[in-house]
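**Student:** Structure in structure tokens, see below.
The values are calculated or read from the model by the stated rules, or taken from the named source; none is laboratory data. Owing to the predicted nature of the structure, the values given are computational and were not obtained by experimental measurement. With ideal geometry, Cβ positions are generated from the backbone for all residues, glycine too; neighbour counts draw on all protein chains shown.
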Amino acid sequence: MIQFTLRQLRYFDALARHGHFGRAAEACAITQPALSMQIKELEEALGGVLLERSARQVVLTKFGEELAQRVREILRSVDELGDFARASRDQLVGRLRIGMIPTIAPYLLPKVIGNLTQMHPELDIHVRETVTPKLIKELAEGRLDTAIVALPVSEPSLTEVALFTENFLLVRPGEDEGTPVPSSEALREMKLLLLEEGHCFREQALSFCNMKSSPPREVLEASSLSTLVQMVGAGIGVTLIPEMAVGVETRSASVSVARFKDPQPSRTIGMVWRKTSPLSRQLMQISEVVCLSADALREQRVPKSSARSRSRIAR
């Protein structure tokens with residue numbers, strides 16, 4: 001009988017995902033020699049070579065690639081067994097792996113974590129912040145329990161629950177305060193600053209401006225909303241940001257913030273999870289906590305009468 005451990009499978013899965021012994025060892029919280037020894041023992045137990053070793057990277061053999069897919073399915077089933085046991089309890093307890101996109105996490109996450117910790121102190125919350133495609137992939141592989149993203153994601157295997165809608169606001173240099181708010185058509189003629197490719201917020205902003213995914217050269221890119229706002233403050237161009245980000249991102253930049261005329265550009269924020277998840281009932285409860293957190297965040301937005309209009313929203 002072939003003898004191997006669940007721990008060895010988890011180590012191999014980490015190595016397959018990271019493609020590097022050092023990064024995989026760090027992710028598993030063990031030393032690199034210990035990881036290498038466990039992988040070697042797994043190879044001996046299975047009677048086959050799983051990877052080609054080199055100084056810089058790890059390349060899976062054909063056998064290793066096929067095994068990696070099966071291992072992910074096994075680990076997901078094992079995790080769902082644990083979820084099944086947790087789902088039978090009345091209280092929300094144990095590990096909760098939640099993902100958020102970067103245009104939500106810095107602003108909503110503190111409220112969500114605070115409320116969840118207060119209402120469900122037995123939860124062990126793990127947060128993952130990355131772009132939507134990666135979150136969806138990790139959900140499908142069982143590495144996340146749920147994710148908070150912009151809807152729709154249109155993935156048949158996932159349950160989507162809409163939570164709230166928020167508008168996009170225009171951020172301009174401070175000297176533009178009081179000038180007419182440009183239309184979506186006028187924005188196409190301006191130097192528009194956007195998030196780099198991979199962010200769903202980028203595509204939503206381009207859609208509002210009726211631009212294609214490959215915009216003209218006048219569109220400049222950044223990796224975060226914070227950088228976009230600072231670039232606007234430096235007079236480089238204009239940008240759009242979600243309303244929940246205004247208070248945080250504009251407080252240290254000399255910019256003006258304005259609403260567009262109706263119908264205003266907006267996005268729907270929601271939670272998604274696997275339809276097969278045993279935690280569906282508990283995740284629905286968590287979605288209610290997220291809604292309460294978003295409501296509390298909106299109530300905290302008190303306009304300030306700053307001469308430089310750092311956080312005041314013009315109408």
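**Student:** Determine whether M211 is closer than 16 Å to L194 by Cα and either outside any strand (DSSP E or B) or of a type in the set (S, T, Y) (or both). If you could, list the steps in order and put the result at the bottom.
**Tutor:** Working: closer than 16 Å to L194 by Cα: yes; either outside any strand (DSSP E or B) or of a type in the set (S, T, Y) (or both): yes.
When the stated conditions are applied, M211 passes them.
**Student:** Within the range 1-30, take every residue that is of a type in the set (F, W, Y) and under 19 Å from E66 (Cα atoms) and give me the one that is surrounded by the most Cβ atoms within 10 Å (Cβ to Cβ). Outline the logic, then answer.
**Tutor:** At the first step, the residues of the range 1-30 found to be of a type in the set (F, W, Y) are 4, 11-12, 21.
Filter once more, so that each one left must be under 19 Å from E66 (Cα atoms): 4, 11-12.
On the way: F4: 15, Y11: 24, F12: 26.
The residue in question is F12.
**Student:** Return yes when K62 is among the charged types (D, E, K, R), out of contact with any Gly (no Cβ under 7 Å at 6 or more places or on another chain) and touching a residue at least 40 places away in the same chain (Cβ under 8 Å) and no when it is not.
**Tutor:** no
**Student:** Among A27, A87, which is the only one that is closer than 24 Å to L144 by Cβ and at pLDDT below 85? Before you say what the answer is, go through the steps one by one.
**Tutor:** On the way: A27 fails: at pLDDT below 85.
None of the other options fit; the residue is A87.
**Student:** Just for the range 141-166: of the residues that are touching a residue at least 12 places away in the same chain (Cβ under 8 Å) and of a type in the set (S, T, Y), which one is farthest from S277 (Cα to Cα)?
**Tutor:** Filtering the range 141-166 for residues that are touching a residue at least 12 places away in the same chain (Cβ under 8 Å) and of a type in the set (S, T, Y), the one farthest from S277 (Cα to Cα) comes out as T165.
**Student:** Shifting gears a bit: Filter the range 166-193 down to the residues that are surrounded by 14 or more Cβ atoms within 10 Å (Cβ to Cβ) and β-branched (V, I, T), then identify the one that is farthest from G237 (Cα to Cα). Outline the logic, then answer.
**Tutor:** Restricting attention to the range 166-193, the residues satisfying the condition of being surrounded by 14 or more Cβ atoms within 10 Å (Cβ to Cβ) are 166-174, 176-177, 181-182, 184, 187-188, 190-193.
Then drop every residue that is not β-branched (V, I, T), which leaves 171, 181.
Details: V171: 9, V181: 14 Å.
So the residue we want is V181.
**Student:** Looking only at residues that are touching a helix residue (DSSP H, G or I) at 6+ places or on another chain (Cβ under 7 Å) and free of Cβ contacts under 8 Å to residues at least 12 places away in the same chain in the range 31-50, which one is surrounded by the fewest Cβ atoms within 10 Å (Cβ to Cβ)? Step through it out loud before you land on a result.
**Tutor:** Keep residues of the range 31-50 that are touching a helix residue (DSSP H, G or I) at 6+ places or on another chain (Cβ under 7 Å), which gives 31-32, 35-36, 38-39, 41-42, 48-50.
This time we only want the ones that are free of Cβ contacts under 8 Å to residues at least 12 places away in the same chain, so: 31-32.
Working: T31: 11, Q32: 14.
In this case the residue turns out to be T31.
**Student:** Quick one: what pairs do we get from the range 265-283, first residue within 20 Å of A294 (Cα to Cα), second assigned to a loop (DSSP other than H, G, I, E, B), C-beta under 6 Å, 6+ apart or different chains?
**Tutor:** V272/V153; Q282/L92
**Student:** I'm trying to understand the selection: among the residues of the range 182-199, which are within 16 Å of the chain's Cα centre (by Cα) and in a strand (DSSP E or B)? Give the steps one after another, and end with the answer.
**Tutor:** Just the residues of the range 182-199 that are within 16 Å of the chain's Cα centre (by Cα), to begin with: 195-199.
Scanning the range 182-199 gives a single hit, L195.
**Student:** Looking at the range 194-224, which of its residues are among the polar types (S, T, N, Q) and either surrounded by 13 or more Cβ atoms within 10 Å (Cβ to Cβ) or modelled with pLDDT under 85 (or both)?
**Tutor:** Filtering the range 194-224 for residues among the polar types (S, T, N, Q) gives 204, 207, 210, 213-214, 223-224.
Answer for the range 194-224, where residues must be among the polar types (S, T, N, Q) and either surrounded by 13 or more Cβ atoms within 10 Å (Cβ to Cβ) or modelled with pLDDT under 85 (or both): Q204, S207, N210, S213, S214, S224.
**Student:** Of everything in the range 1-50, what is assigned to a loop (DSSP other than H, G, I, E, B), hydrophobic (A, V, I, L, M, F, W, C) and closer than 18 Å to L75 by Cβ? Give them in sequence order. Break it down stepwise before answering.
**Tutor:** Of all residues in the range 1-50, those assigned to a loop (DSSP other than H, G, I, E, B) come to 1-5, 19-20, 29-31, 47-50.
Of the ones still in play, those that are also hydrophobic (A, V, I, L, M, F, W, C) are 1-2, 4, 29-30, 49-50.
Matches in the range 1-50: I2, F4, A29, I30, L50.
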